[in-house]
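**Q** Pasting a structure here, questions to come.
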Amino acid sequence: MSKTNMTRRGVLKTGAVAGAGVALPTIFTASSAAAYTNEPTGGSVTLGFNVPQTGPYADEGMDELRAQELAVEHLNGGGDGGMMNTFSSKALKGNGILGKKVEFVTGDTQTKSDAARASAKSMIEKDGAIMINGGSSSGVAIAVQGLCQDAGVIFMAGLTHSNDTTGKDKKANGFRHFFNGYMSGAALAPVLASAYGKDRNAYHLTADYTWGWTQQESIAAATEAMGWNTVNNVLTPLASTDFSSYIAPVLNSGADVLVLNHYGGNMVNSLTNAIQFGLRDKVVNGKNFEIVVPLYSELMAAGAGENVQGVIGSMNWNWQLQDEGSKAFVKSFGEKYGRPPSNSAHTCYVQTMLYADACERAGTFNPCGVAEALEGFEFDGMGNGPTLYRADDHQCFKDVLVMKGKDNPSNEYDTLEILEVTPRAQVEYAPDHPMFAGGDLGSCNAG
Amino acid sequence: MLGLNKKDMTLLIVVTILTLSAPFILNPFPTDSAMAQFNAGYPDLMQRFAIFGIFAIGFNLLFGLTGYLSFGHAAFLGVGSYSVVWMYKLLDYNVIWGLPLAIVTSGIFALLIGFVSMRRSGIYFSILTLAFAQMSFNLAYSVLTPITNGETGLQVYNNDPQVLMGANEASSPHLFGLVMNSSAKVGVGAWEFTFNNGYYFCGVIAILVFYLSIRIFRSPFGMMLRAIKSNQTRMAYTGLNPRPYTLAAFVISGMYAGLAGGLLASMDPLAGAERMQWTASGEVVLMTILGGAGTLMGPVLGAGFIKYFENIFSKINDTVLHNWFAFLPDGLEDFVVFLIHPFIGKGWHLTLGILFMLVVTFLPGGLVEGGQRIAAMIKRTKEDEDTPAKTEPAE
Amino acid sequence: MGILEVKDVGKRFGGLQALGDVNLSVAENTVHAIIGPNGAGKSTLLNVLVGKLIPDTGSVMFDGQSVLGRKPYEINQMGISRVFQTPEIFIDLSVLENMMIPCFAKRDGSFRMHAIENMHDEKDIVEKAESMLEDMNMADKREMHAGSMSRGDKRRLEIGMCLAQEPRLLLLDEPTAGMARADTNNTIDLLKQIKDERDITIAIIEHDMHVVFSLAERITVLAQGTPLVEDTPENIKGHPKVREAYLGESA
Amino acid sequence: MDAIILQILNGLDKGSAYALIALGLTLIFGTLGVVNFAHGALFMIGAFCAVTLSKLLNLSFETIDPTQTDFLGNPLKVKTPYVIEWFGMDTGSAIIDWAVPLAILFSIPIMICVGFIMERGLIKHFYKREHADQILVTFGLAIVLQEVIKYFYGANPIPTPAPDVFKGSFDFGTMLGFDPNVIIYPYWRLVYFFFSAVVIGGVFAFLQFTTFGMVVRAGMADRETVGLLGINIDKRFTIMFGVAAAVAGLAGVMYAPINSPNYHMGMDFLVLSFVVVVVGGMGSLPGAVLAGFLLGILESFASMNEIKSLIPGIDQIIIYVVAIIILLTRPRGLMGRKGVMEE
């Protein structure tokens, strides 16, 4: 089955090691006949779901896992079929993938690159996973994407928002459905300009690591193009739990907007701290002081509680969308788990479906065939309007949601409201855009 | 033989046999059986057993012998990894350049940190090493991104120089063409065994450094280190300067950590900053104490124990549980799954925490003491004699 | 000129004058006892001699070289060994290993990196350690865990360890404190034997007059941080000042 | 100037949290000689006392409102807290609003019990064991405690707001003659500062002026002697463990509104609190308080733009740099005693 990256010489050497080191058993099946890594031979195919199950993002990972399990159920013909009924491609028939029953294994990324690669490797090497799906941070996504490229399996990224995932670090075997920092900026800037005016001074607090930098760069560029001025950009340590010393000087800097380029626990804390300082009650330069959180998630909004009220940010998808695809997904997810799905759950669900569909259309599980089927694939009915998986960088292009914290949430899931659905055309960019430059897709690797 | 006495030689031979036959031993269950979940004989985990075994052996040379508890050894692991990946980027994928460099750079790093930290002892020493390692981690994650590639982790890009890269050279780590991640699979009946180049490479190095650690344990230097742990006052009033001894032990164990870090990057060409975090330092402390500090085999056992939990228990999910207990009546099946659920999959931390508490409460000498007690029990029933089990100082 | 020359040494701890103008000369190959009531400064003086404390004033010369400012291990390497009030040995090591360590220190100096050799292959060291154990009548205990021995044996081992370094000056800090009478007598016999058989100077700080008068050739009496008188045991016994300051109270 | 005043305020506030956590840690170390890696978990449990009380007060019954629908299109179930039903809208919502201050009372008995159970059930078996063993067992306990909390409350932070009257911030600048909005500080953080000052003062007074405290202090200095006097020091030490747990718990309760509590907040503070304790000197109570404030203020200064532009990344490492400098110049920390933890 699995022999990753086997060169001819490697085979010979391995044979020598095996021959010299141990007495060979009488029954010897050299399984180098497989055409690609983990080619399914029986009546089933195994998918690998790699999500954070421990650590601060464990709840987000749980939600991703729920969506992935739901997708498997739908693929195997269980449940109400969810988005399979609204998906523009009709290749999936509810009988598994290519007639094989879909099974899955799970791993814990711990939101650490090393652990994520270890769990992905174990799913590939031990459990025979043919693809890896999931994750909730860019560092992990890029690390696992590189691994899947080397191992010769397809990687369907979960929540990863850094420009680098499909920019500097893009890989031929890796695909991203989620949106990115550039798209957040492009979608947010016009809305911000119309909501808060074009003459604004923004103060950025940015998580001091790659994702934070790329998002800050994107937001600053997009808002500056609208006429905003960036007063300052302060980098904050990842390990910070208390942001008061970074927030205290903001009011006195002449800024009238605070942009928090933070995610997860960092964002919950920095937003909570900013509200404690009463920033949104202040008037600076004759204008109401505003706070922007470029990347929102439902769990972060829940963690920050009433502090998100009136704060604008962007999202990949939201359960309140009223298109048929979203309604179908929310219904089957909600009935199974009693709660609406998060946007990372949506991405993981859609990625699983897209992968299965690509296998059906390609007629093979061979990663190169699957990749070819995904490249340039246009589809609809998956909740984001007409969507394109661009061949140049394996990035999905679709509508982006601009969200606002709701003033009177009716329940714990109803924390955000959709302010605007920014059309796809507005967030598109050329594959060689400078923020995405420097990468090389390479060629697909089938193992 | 090899400068070892009979007992040590036996131990070394046993370890060598176990290491070489790990692909069999760790895969005791047929591939399609429900118990296959517990098989650990796949390349990545076997490599980790060997690599973290090396890390823990090295840590034990410092902590087990001198009693100096370092909370910063992960920094050396990280430095080793970065060295190897940089050699991939600059020269080529042959690990022969990176590994010696990893040992050297981590040795220099350890010398600098050790020189300062060794000025204090006890918990003050621990906090100093912790401070240095956390500084390294925080900077590697942020300000030093040009060198470490920060959050993403250092990796090889297509536009890297790779000046020695040959036309037909493998595009993943190898030793003169012996590609680390290639494996041969052998099926025997219902079983399937994987023989991986990378694992045997790590395994052989692990045996070598294990042998080296036996030699250090039995050397006058090793005795001096134990003497330092035992009584620093007598040491000084016997005309011996403890500091160069402890510093040498610190540097040697730092080099072991650097080698382990280098091997991590040799198996998987990516170096993430997280491997320098204090939790990673804490992990090796736990491995050593759990297995039995100051013993030869303890740290290796502890490393295997923790890595097994991390990689095997975390992957058991409810679906797997339902499969196992499918034979039970429905209601009972759900109840059993409900009972076990908190301890597996996402709850593997909980199980590990409970095991730490149990082991350290009831087996102060770690897993090795557990083994000795069982051996003593067997012996006692055999000889039918009531001699109390004698604890060996360094075994 | 004695092997150890202490000149005008003074040491203050805050308001307390622990030592004031101590002058002391220990002649080579003698047994010199330093006695005095509690708080007389005996321990402070000893700590100055071994480098644990640095005096405020004065000089300490050993064999013509100053010991001041040197670390304890350097002073030891000059030839001064110290036996502690409570035996300081390596309790986690075997008796033989305990004895090997000073042999290494004597042969290799304060630091030598010999990490690969097996310590049992160092024949000269092992032989020397074993013969030293013979001398101490401890050969049968060589494999024993040092921590599990009786206090008397620990004391014996510690003295043996100091002798293994072949010191020129052996400092003993109340070597029989807390010992049973039998053990004390054994220790006296051992020290007598050492004095007779070896080329060694012994300085002993002691409370127990029985020990002092059995061993010492010269006695210095310390009171309130200054030497009161220095003389032979016979003369000290009858000295009125000493009676007043010291013997009177303790008798 | 204004920026410096602002960061001093910040530092005092951060420092008060550090000092409170470190105080309990060093108290346990000083009295029992135990290195307690589970101390951060006690802080976390304290914060979750506030969460729990807030959830209890929000316990609701459901009524179906046919005019509204939930996300699946079913009739919406409207929740009404019992407290509001019982006490009426005004009093009821005021009680819910004051959940965090009320949790102070709620948490003290809980934390003391947790402390007693920990000490009697586990820690007491480790008095005579090596510090490394203590670290391992308490670290295991910390993992278990936080996983239990995670099992019941999830991994996501849970917003636990302060009462409405403490919302917003106080303008110090206008008092000192600066322009408005130049030096502002949130009311709740000021409350936190004064609260910790009171708790720290209380602990010191307790140790200084009560017979119980005197015996404990004597025990910290010399355990055997006090034991010989026929005083049951063990019992008192158990009580001290309860007190230390309560101090950590109170620090956690009051911290809940500052940052939404999550199950790993204890681990986030663990390393930091050890650094504070060691910088202050192991086992020294005034040292822990001093070091807490010192590190809080220095950390705040390091995050100023002016300083960050001089030394990039200084705010990432300042705590550790200070720790290294202090330990190298003052071998036993700021106020440490000789011979503690140096074997």
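**Q** For segment D:1-118, give me every one of the helices (runs of 4 or more DSSP H) that falls completely inside it and has 2 or more residues that are modelled with pLDDT of 90 or more, more than 21 Å from D:Met267 (Cβ to Cβ) and not basic (Lys, Arg).
**A** Here the list reads D:2-32, D:39-57.
**Q** Go through (1) in contact with a helix residue (DSSP H, G or I) (Cβ under 8 Å, 6 or more places away or on another chain); (2) more than 8 Å from chain B (Cβ to nearest Cβ) and name the single condition D:Asn305 misses.
**A** Unmet for D:Asn305, out of (1) in contact with a helix residue (DSSP H, G or I) (Cβ under 8 Å, 6 or more places away or on another chain); (2) more than 8 Å from chain B (Cβ to nearest Cβ): (1).
**Q** Checking D:Tyr185 against (1) within 13 Å of chain A (Cβ to nearest Cβ); (2) among the aromatic types (Phe, Trp, Tyr); (3) under 23 Å from D:Val51 (Cα atoms): exactly one of these is not met. Which one?
**A** The failed condition is (3).
**Q** Take the residues in segment B:337-362 that are loosely packed, with under 15 Cβ neighbours inside 10 Å and more than 25 Å from A:Glu64 (Cα to Cα); name whichever of them is nearest to the other protein chains (Cβ to nearest Cβ).
**A** Residue satisfying both the conditions and the ranking: B:Leu358.
Conditions (1) in a loop (DSSP other than H, G, I, E, B); (2) at pLDDT 95 or above; (3) over 22 Å from A:Gln110 (Cα atoms), marked per residue:
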| position | (1), (2), (3) |
| --- | --- |
| A:Val140 | no, no, no |
| A:Ala143 | no, no, no |
| A:Met156 | no, yes, no |
| A:Thr165 | no, no, no |
| A:Lys168 | yes, no, yes |
| A:Lys171 | yes, no, yes |
| A:Phe175 | no, yes, no |
| A:Met183 | no, yes, yes |
| A:Lys198 | yes, no, yes |
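**Q** Restricting the search to segment A:389-447, which residues are of a type in the set (A, V, I, L, M, F, W, C) and part of a loop (DSSP other than H, G, I, E, B)?
**A** A:Ala391, A:Ala430, A:Ala437, A:Leu441, A:Cys444, A:Ala446, listed by residue number.
**Q** While we're on this one: Looking only at segment D:117-136, count every residue that is touching a residue at least 40 places away in the same chain (Cβ under 8 Å) and more than 12 Å from chain B (Cβ to nearest Cβ) and tell me the total.
**A** The total comes to 3.
**Q** Further, regarding this structure: Which count do you get for residues in segment A:315-324 that are part of a helix (DSSP H, G or I) and within 19 Å of the chain's Cα centre (by Cα)?
**A** Summing the residues that are part of a helix (DSSP H, G or I) and within 19 Å of the chain's Cα centre (by Cα) in segment A:315-324 gives 0.
**Q** Of the residues that sit in segment D:149-168 and are within 19 Å of the chain's Cα centre (by Cα) and in a helix (DSSP H, G or I), which one is nearest to D:Ile104 (Cα to Cα)?
**A** Taking the candidates together, the pick is D:Ile149.
**Q** So, one more: Going through segment B:108-143 one residue at a time, which ones are modelled with pLDDT under 90, of a type in the set (A, V, I, L, M, F, W, C) and farther than 24 Å from D:Glu130 by Cβ?
**A** B:Val143 - this is the single residue of segment B:108-143 that is modelled with pLDDT under 90, of a type in the set (A, V, I, L, M, F, W, C) and farther than 24 Å from D:Glu130 by Cβ.
**Q** Right, another one. Please note which helices (runs of 4 or more DSSP H) are completely contained in segment B:276-335 and include at least 3 residues that are in contact with a Gly (Cβ under 6 Å, 6 or more places away or on another chain) and away from chain A (no Cβ under 14 Å).
**A** B:278-291, B:298-312
**Q** Continuing with this model, one more query. Looking only at helices (runs of 4 or more DSSP H) that lie completely in segment B:1-105, which have at least 2 residues being of a type in the set (Val, Ile, Thr) and surrounded by fewer than 24 Cβ atoms within 10 Å (Cβ to Cβ)?
**A** In segment B:1-105, B:6-20 are the helices (runs of 4 or more DSSP H) which contain 2 or more residues that are of a type in the set (Val, Ile, Thr) and surrounded by fewer than 24 Cβ atoms within 10 Å (Cβ to Cβ).
**Q** May I pose another question? Examine segment B:223-234 for a residue that is in contact with a helix residue (DSSP H, G or I) (Cβ under 8 Å, 6 or more places away or on another chain), of a type in the set (Ser, Thr, Tyr) and either at negative phi or at the interface with chain C (Cβ under 8 Å from one of its Cβ atoms) (or both), and state whether such a residue exists.
**A** no
**Q** Moving to a separate point now. Identify the residue in segment A:432-447 that is loosely packed, with under 13 Cβ neighbours inside 10 Å and touching a residue at least 60 places away in the same chain (Cβ under 8 Å) and, among all such residues, is nearest to A:Lys171 (Cα to Cα).
**A** A:Ser443
**Q** Can you confirm whether B:Thr279 is touching a helix residue (DSSP H, G or I) at 6+ places or on another chain (Cβ under 9 Å) and closer than 20 Å to C:Gly109 by Cα?
**A** no
**Q** Looking at the structure I just gave you, is B:Asn168 of a type in the set (S, T, N, Q) and either facing another protein chain (nearest Cβ under 8 Å) or assigned to a helix (DSSP H, G or I) (or both)?
**A** Taking the combined requirement at face value, the residue does not satisfy it.
**Q** Continuing with the same structure: Quickly run through segment C:101-131 and pick out the residues that are within 7 Å of chain B (Cβ to nearest Cβ) and either under 25 Å from the mean Cα position of the chain (by Cα) or more than 21 Å from B:Gln232 (Cβ to Cβ) (or both).
**A** Result: C:Ile101, C:Pro102, C:Phe104, C:Ala105, C:Ser110, C:Phe111, C:Ile116, C:Glu117, C:Asn118, C:Glu122.
**Q** Which of the residues that make up segment A:354-373 are buried (at least 23 other Cβ atoms within 10 Å of the Cβ) and in a helix (DSSP H, G or I)?
**A** If the condition is that a residue be buried (at least 23 other Cβ atoms within 10 Å of the Cβ) and in a helix (DSSP H, G or I), then A:Leu354, A:Tyr355, A:Ala356, A:Asp357, A:Ala358, A:Cys359, A:Pro367, A:Val370, A:Ala371 are the ones that fit.
**Q** Inspect all residues belonging to segment A:275-287 and state whether any of them is among the β-branched types (Val, Ile, Thr), touching a residue at least 24 places away in the same chain (Cβ under 8 Å), surrounded by 23 or more Cβ atoms within 10 Å (Cβ to Cβ) and more than 11 Å from chain D (Cβ to nearest Cβ).
**A** no
Residue-by-condition table, conditions (1) crowded, with 24+ Cβ neighbours inside 10 Å; (2) more than 14 Å from chain A (Cβ to nearest Cβ); (3) farther than 19 Å from A:Ala248 by Cα; (4) hydroxyl-bearing (Ser, Thr, Tyr):
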residue	(1), (2), (3), (4)
D:Ile5	no, no, no, no
D:Leu12	no, no, no, no
D:Leu25	yes, yes, yes, no
D:Thr52	no, yes, yes, yes
D:Lys55	no, no, yes, no
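**Q** Also, quick follow-up: Hey, among A:Asn76, A:Asn50, which residue is within 14 Å of chain B (Cβ to nearest Cβ) and buried (at least 24 other Cβ atoms within 10 Å of the Cβ)?
**A** Selected residue: A:Asn50, the only one of A:Asn76, A:Asn50 that is within 14 Å of chain B (Cβ to nearest Cβ) and buried (at least 24 other Cβ atoms within 10 Å of the Cβ).
**Q** Output yes when any residue across segment C:60-70 is without any contact (Cβ under 8 Å) to a residue 24 or more places away in the chain, touching a Ser or Thr at 6+ places or on another chain (Cβ under 8 Å) and assigned by TED's automatic domain parsing to the domain that holds C:Glu206, and no when none is.
**A** yes
**Q** Go through the residues of segment C:70-83 one by one and say whether even a single one is under 21 Å from C:Ile194 (Cβ atoms), modelled with pLDDT of 90 or more, within 8 Å of another protein chain (Cβ to nearest Cβ) and assigned to a loop (DSSP other than H, G, I, E, B).
**A** no
The values are calculated or read from the model by the stated rules, or taken from the named source; none is laboratory data. These figures come from a predicted structure and were not determined experimentally. Here the Cβ is made from the backbone with ideal geometry for all residues, glycine too, and neighbour counts use every protein chain on show.
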